[in-house]
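*Asks:* My structure is below; once you've seen it, I'll send some questions.
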């Protein structure tokens, strides 16, 4: 007793130490930001009776899902499972005939000869059962990944059309995270449903045979199985409850493991000695998890012993009843042997049925989230069709446009009116949070105005075909995407081709093929050709170090690739949001000269930047403050007015008044302090 108490105390201390590590590092629990918790709660509230009440609905949902994906494979699985049930029942009845023949009176050769047809029937039914099982496995193996792929493609197709505003909504993002589990759940539900059907048919076959042999044997079958079912449900609930209670702890432990392995954290882990510190806490947290696993194992052992004891008593009662039936002549010795086989078949089927139904119900909760996400995605999809946009407008006019984010009270853009003409360079200027990026997204059609309107040559953009509108827009975002593709694909994705005209391997740039002229031109425009020339496989180099043969680019190199991507898109409207933040001074000057070239070619440029020296090349500057348009004009006009723009420009210029500004910054205001921190901006490649 004393040693047991010591073990419990040690386990409690270990768990407390692990929790303390989580408190020290994370300040408490890390909440899982999806539907996992509430689904666990719903699962725990389900009783054994409720579980079986859900059975018809769950199987029907899985059958509909499978039939929509591959009707033929679904029919094959259903037929094979039904066939297994029939052959199983036939096999039990044939076994009974074998036993009757063998236990009959007479010479042994005669008894064996009389039992031979039944023996052949048993062998044939066993062979048929094996063949049907193999057929079901093949069909289900083809069906399950198809169902998952269809669910994934459906969800991704719908999400790709969702309005940005809805996509940024916290509740919708949480729903999508849970829905992503639903795509896997769709596959698992098909597999579990096949298991349910198999278990039901096995149970039905055993029940029919027992009823034929003697009706009193049927309730005894369920009496044997119920304790096992109770134990399985109790163990499952306990494990799920533990998972719920420890999921935050496990997530914290995984977070530590990630940072110990992550390349981004590697420098501080080594130089600051963070590795030893994190490992100390990781060991404490891992030990706490091990203590909880030990507690679960002990509890499950007690439950299993209890359920096995009850099931054993029920089995003893069953065999006593069976013996009484034989002794009193109510059933024969052969029938009793068949009954034993049927009871074993039935108890196995019922046990599998309980487990499969429990798992199917749990997965159905995530599938419900998947279906709900698909419905919401359709409701908030970008409308298809509208007035065609055959050419870029000569004028884009904003009239009292306002937009407020769902989690904010004050508008990000507040009653803004302005006009942008074709071929202009327009600069949006203001402090952080002034609404510059939001306004650019409104102009690009990513957001819809909540008040006011945006007119393209007099037509409200809400009436325009949004896909046509997007075809005239190119984005150079400060949060650009570093696609884990080849250098060629990273530029070509600016104007992706459809499946019908996608280039084959011979058409792609690389050592064995000449680069496409448009790709080369785009790379030269952004000076990304120097970056590509340094890559080990040139245009075919994978730009992701996490894959074999891949490389990592610096921030400045990536910005050159993104500028090339925008150039390759060849759109009439280019929105450049801090397009040179990671470039060195010389490259930045060259980049802005290239932006000037775009306007000279008739393209319209919306430039968002904190570096006010670059706004001097703009034809029109719009100054925003807390979402409102406070000033507009050219650089000389705004400097002469002495307003907020002039004040901000003068403050930046003052940083270079001592003559220490970058070469080429003739008035000393080209770049604010710290702007030359771009890594490897000279074209070198990090490997």
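*Asks:* May I ask you to list the residues in region 525-539 that are in a helix (DSSP H, G or I) and at pLDDT 90 or above? Steps first, please.
*Replies:* Taking region 525-539 and keeping what is in a helix (DSSP H, G or I), we get 525, 529-534, 538-539.
Once the filter is applied, which keeps residues that are in a helix (DSSP H, G or I) and at pLDDT 90 or above, region 525-539 yields 529, 530, 531, 532, 533, 534, 538, 539.
*Asks:* Checking the condition over 27 Å from residue 132 (Cα atoms), at pLDDT 80 or above and outside any helix (DSSP H, G or I), which residue from 215, 227 passes?
*Replies:* On the way: 227 fails: outside any helix (DSSP H, G or I).
Testing whether each residue is over 27 Å from residue 132 (Cα atoms), at pLDDT 80 or above and outside any helix (DSSP H, G or I) leaves just 215.
*Asks:* Report, by residue number, each residue of region 177-189 that is more than 17 Å from residue 66 (Cα to Cα) and buried (at least 21 other Cβ atoms within 10 Å of the Cβ).
*Replies:* Scanning region 177-189 gives 178, 179.
*Asks:* How do the helices (runs of 4 or more DSSP H) wholly within region 43-121 filter down when requiring 3 or more residues that are modelled with pLDDT of 70 or more: which remain?
*Replies:* Details: elements: 48-53, 55-69, 71-103.
Of the helices (runs of 4 or more DSSP H) lying wholly inside region 43-121, those with at least 3 residues that are modelled with pLDDT of 70 or more span 55-69, 71-103.
*Asks:* Still on this structure, please answer the following. What are the residues in region 402-438 that are within 30 Å of the chain's Cα centre (by Cα) and not in a loop (DSSP other than H, G, I, E, B), if any?
*Replies:* Of everything in region 402-438, those that are within 30 Å of the chain's Cα centre (by Cα) and not in a loop (DSSP other than H, G, I, E, B) turn out to be 403, 437, 438.
*Asks:* Suppose we filter 174, 238 for residues that are under 20 Å from residue 378 (Cα atoms) and touching a residue at least 60 places away in the same chain (Cβ under 8 Å); which single one remains? Step through it out loud before you land on a result.
*Replies:* Values: 238 fails: under 20 Å from residue 378 (Cα atoms).
Result: 174 is the single residue among 174, 238 that is under 20 Å from residue 378 (Cα atoms) and touching a residue at least 60 places away in the same chain (Cβ under 8 Å).
*Asks:* Okay, next question. From the residues in region 439-452 that are under 15 Å from residue 475 (Cα atoms) and touching a residue at least 40 places away in the same chain (Cβ under 8 Å), which one is surrounded by the most Cβ atoms within 10 Å (Cβ to Cβ)? Walk me through how you get there before you give the answer.
*Replies:* Of region 439-452, the ones under 15 Å from residue 475 (Cα atoms) are 439-447.
From what is left, the residues that are touching a residue at least 40 places away in the same chain (Cβ under 8 Å) are 439-444, 446-447.
On the way: 439: 26, 440: 22, 441: 20, 442: 24, 443: 24, 444: 19, 446: 19, 447: 21.
Within region 439-452, the match that is surrounded by the most Cβ atoms within 10 Å (Cβ to Cβ) is 439.
*Asks:* Additional query: Any chance region 194-208 includes a residue that's closer than 13 Å to residue 376 by Cα and in a helix (DSSP H, G or I)?
*Replies:* Filtering region 194-208 down to residues closer than 13 Å to residue 376 by Cα leaves none.
There is no residue in region 194-208 that is closer than 13 Å to residue 376 by Cα and in a helix (DSSP H, G or I).
*Asks:* Say whether the condition of being modelled with pLDDT of 80 or more, surrounded by 18 or more Cβ atoms within 10 Å (Cβ to Cβ) and closer than 23 Å to residue 479 by Cβ is met by at least one residue in region 631-644.
*Replies:* no
*Asks:* Next question. Kindly indicate whether any position in region 265-273 is part of a helix (DSSP H, G or I), modelled with pLDDT of 80 or more, farther than 30 Å from residue 154 by Cα and touching a helix residue (DSSP H, G or I) at 6+ places or on another chain (Cβ under 6 Å).
*Replies:* Looking through region 265-273, at least one residue is part of a helix (DSSP H, G or I), modelled with pLDDT of 80 or more, farther than 30 Å from residue 154 by Cα and touching a helix residue (DSSP H, G or I) at 6+ places or on another chain (Cβ under 6 Å).
*Asks:* With respect to residue 390, determine if the residue is at pLDDT 75 or above and either more than 28 Å from residue 148 (Cα to Cα) or touching a strand residue (DSSP E or B) at 6+ places or on another chain (Cβ under 9 Å) (or both).
*Replies:* Judged against the criteria, residue 390 is a match.
*Asks:* Now, a different point. Answer yes if at least one residue in region 236-245 is within 30 Å of residue 136 (Cα to Cα) and part of a helix (DSSP H, G or I), and no otherwise. Working first, answer last.
*Replies:* Start the filter on region 236-245 by keeping residues that are within 30 Å of residue 136 (Cα to Cα), which leaves 236.
Right, trim to part of a helix (DSSP H, G or I) and you get 236.
Looking through region 236-245, at least one residue is within 30 Å of residue 136 (Cα to Cα) and part of a helix (DSSP H, G or I).
*Asks:* If you don't mind, there's one more thing I want to ask. Taking region 565-602 as the region of interest, how many residues are modelled with pLDDT of 85 or more and part of a loop (DSSP other than H, G, I, E, B)? Can you show your working first?
*Replies:* So in region 565-602, the residues modelled with pLDDT of 85 or more come out as 565-577.
Filter again for part of a loop (DSSP other than H, G, I, E, B), leaving 570-572.
Going through region 565-602 one residue at a time, the tally reaches 3.
*Asks:* Within region 579-602, is there a residue that is surrounded by fewer than 20 Cβ atoms within 10 Å (Cβ to Cβ), farther than 30 Å from residue 394 by Cβ, in contact (Cβ under 8 Å) with a residue 60 or more places away in the chain and within 34 Å of the chain's Cα centre (by Cα)?
*Replies:* yes
*Asks:* A further question follows. Report whether or not residue 325 is in a helix (DSSP H, G or I), surrounded by fewer than 17 Cβ atoms within 10 Å (Cβ to Cβ) and more than 29 Å from the chain's Cα centre (by Cα). Steps first, please.
*Replies:* On the way: in a helix (DSSP H, G or I): yes; surrounded by fewer than 17 Cβ atoms within 10 Å (Cβ to Cβ): no; more than 29 Å from the chain's Cα centre (by Cα): yes.
No.
*Asks:* Right, another one. Give region 480-521 a look and list any residue that's exposed (fewer than 10 other Cβ atoms within 10 Å of the Cβ) and modelled with pLDDT of 80 or more, or say none.
*Replies:* 496, 517
*Asks:* Within region 645-673, track down each residue that is surrounded by 16 or more Cβ atoms within 10 Å (Cβ to Cβ) and at pLDDT below 55. It would help to see each step written out before you state the result.
*Replies:* Here is the first cut: in region 645-673, the residues surrounded by 16 or more Cβ atoms within 10 Å (Cβ to Cβ) are 645-646, 648-649, 652-653, 655-656, 661-662, 665, 668-672.
Matches in region 645-673: 661, 662, 665, 668, 669, 670, 671, 672.
*Asks:* Please enumerate the residues belonging to region 531-558 that are under 21 Å from residue 591 (Cβ atoms) and in contact with a helix residue (DSSP H, G or I) (Cβ under 8 Å, 6 or more places away or on another chain).
*Replies:* Residues satisfying the conditions are 531, 532, 535, 543, 553, 556, 557.
The values are calculated or read from the model by the stated rules, or taken from the named source; none is laboratory data. Computed from a predicted model, the values in this text were never measured in an experiment. Cβ coordinates were reconstructed from backbone atoms using ideal geometry, including for glycine residues, and neighbour counts include every protein chain displayed.
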